[in-house]
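Worksheet: one structure, shown below.
The values are calculated or read from the model by the stated rules, or taken from the named source; none is laboratory data. As the structure is a computational prediction, the values presented were derived from the model and not from experiment. A quick note on method: Cβ atoms are made from the backbone with ideal geometry, for glycine too, and the neighbour counts reach across all protein chains shown.
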Amino acid sequence: MSDLLPLETATWQAIELILRDLLNAYGFAEIRVPIVERTDLFKRSIGEVTDVVEKEMYTFEDRNGESLTLRPEATAGIVRAGMTNGLLHNQRQKLWSCGPMFRYEKPQKGRYRQFHQFDIEALGYAGPDIDAELIIITSRIWRALGIDAVELELNSLGTAESRLEHRQALTAYFERYKDDLDADSRDRLYRNPLRILDSKNPDMMELVSGAPVTTDFLDAESEAHFSTLRQLLDQAGIVYRVNPRLVRGLDYYSKTVFEWVTDKLGAQGTICGGGRYDGLVSQLGGKPTPAIGCAIGMERLLELYKVCGGQPVMNSPDAYFVAVGSDVLLPAFSLVEGLRDEFPDIRVEMNCGGGSFKSQMKRADRSRAAVALILGEDEVAEKMIGIKALREDGGQISVSWPELGTALKQYIDNMGMGNNG
Ligand code: ATP
Ligand code: MG
């Protein structure tokens, strides 16, 4: 679990803002759900025989002996919230959420025990239109961040019935190679053979590559759904690879599943995964509600943003207010707050903590502000204030207090034009 330090948070904020604005523009609304839920919720939704539930959950008892778990993913909590708040009662919901998730995994690059996901969920939509929209949104996110090194993998798992047929075929197939299975896979052979396809053990790859694939068992409806989705993606110019072996790590998926992958991040190359979970709401005791969702791994997204040439975002002020000498503090505060009232868009950092002219100018420089506002004893006596460019030769000008806001705005605007020219 890592700390996110002040130098990095501005980039996180900027990227989160892009995602937030985009989702809001598509008519999705934010939902915030608790980080802790009853353990049972995750067991029933993610599935007992999965890596997440068997090995990765942070589970503990509260003071009342109730088993609780730090959320390993967001969908289960969002569906629970939808049910307990009546949001799914004859309604459809397009939702997004962003926050920390917890999984007890072996920490390595791109794999952490506390990580952040940006989740997008559409409940009450049978698709395939919404399936396409979700994928188009994610594709637009990559474009907005200048990320081009991603590929879309797509599959259909079919309905519960076609999954059952596939499951039987898988058990029959892997039974024939029982002795070649690793311990994990042997354990899952009868309990959940689909999970063997998701194995991360390289020794299992050859066996897995010969196994029956989901697409051989698709029912007509899933087939039509998948075909319309592909047409919509084709029209949107989104390139994808149908990967019949893509099953995803959680149990609740049906029909459409997808992953956005990159080869730029080493072994942890999946930056977004998602799929349709038409059975989940009823499995949790609600009315049957078709739904689809996906989750973007924020740490991996930020890393990929950098790898693709994205620049770190700096949270620097436009102006740094330097106030030196005795009896300047009161006029300085009056001026700076007046300026903030008049032009809320101008970002001004006030020098707090005193210091000599030289040390305050050093702080002004370190703040990466474009200009310094300079107020000394002479200026106070004359009711004037200095404006001085810090990043370029703009010369220093002196303006009267009532002129400060307008003069500073003009000064900054002129500097901007100088830069563009
Ligand atoms: P993986 O196959 O890498 O373990 P997953 O299938 O377990 O991924 P999902 O549950 O689909 O992952 O989560 C969606 C996204 O969240 C992943 O694509 C990834 O970007 C991110 N993610 C998952 N686990 C972690 C983790 N431990 N650390 C950082 N990011 C993660
Ligand atoms: Mg995982």
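Observations on the structure shown:
- Residue match in the range 235-242 (condition: charged (D, E, K, R) and within 16 Å of ligand 2 (Cβ to nearest atom)): no
- Members of the range 103-158 that are away from ligand 1 (no atom under 13 Å from the Cβ), touching a Leu at 6+ places or on another chain (Cβ under 6 Å) and on the phi > 0 side of the Ramachandran plot: Gly158
- Leu301 fulfils the conditions (1) part of a loop (DSSP other than H, G, I, E, B); (2) within 16 Å of ligand 1 (Cβ to nearest atom) except for a single criterion, (1).
- Some residue of the range 397-406 being surrounded by fewer than 19 Cβ atoms within 10 Å (Cβ to Cβ), farther than 18 Å from Asp318 by Cα, in contact (Cβ under 8 Å) with a residue 60 or more places away in the chain and out of contact with any His (no Cβ under 7 Å at 6 or more places or on another chain): yes
- Among residues that are within 16 Å of ligand 1 (Cβ to nearest atom), touching a helix residue (DSSP H, G or I) at 6+ places or on another chain (Cβ under 6 Å) and touching a residue at least 12 places away in the same chain (Cβ under 8 Å), Ser67 is not included.
- Residues satisfying the stated conditions in the range 240-271, i.e. assigned to a strand (DSSP E or B), modelled with pLDDT of 95 or more and surrounded by fewer than 24 Cβ atoms within 10 Å (Cβ to Cβ): Tyr240, Arg241, Val242, Glu259, Val261, Thr270
- Of all residues in the range 168-184, those that are over 22 Å from Asp216 (Cα atoms) and either within 16 Å of ligand 2 (Cβ to nearest atom) or not in a loop (DSSP other than H, G, I, E, B) (or both) total 5.
- Once the range 313-343 is narrowed to residues that are exposed (fewer than 13 other Cβ atoms within 10 Å of the Cβ) and at pLDDT 95 or above, the residue that is nearest to Ile147 (Cα to Cα) is Asp341.
- Identification of strands (runs of 3 or more DSSP E) wholly contained in the range 43-117 with 3 or more residues that are modelled with pLDDT under 95, within 24 Å of the chain's Cα centre (by Cα) and not hydrophobic (A, V, I, L, M, F, W, C) yields no element.
- When restricted to residues that are more than 16 Å from ligand 1 (Cβ to nearest atom) and either at positive phi or β-branched (Val, Ile, Thr) (or both), the range 36-64 contains 3.
- Qualifying residue in the range 304-315 (condition: part of a loop (DSSP other than H, G, I, E, B) and within 16 Å of ligand 1 (Cβ to nearest atom)): yes
- The range 25-43: number of residues that are in contact with a helix residue (DSSP H, G or I) (Cβ under 7 Å, 6 or more places away or on another chain) and surrounded by 13 or more Cβ atoms within 10 Å (Cβ to Cβ): 7
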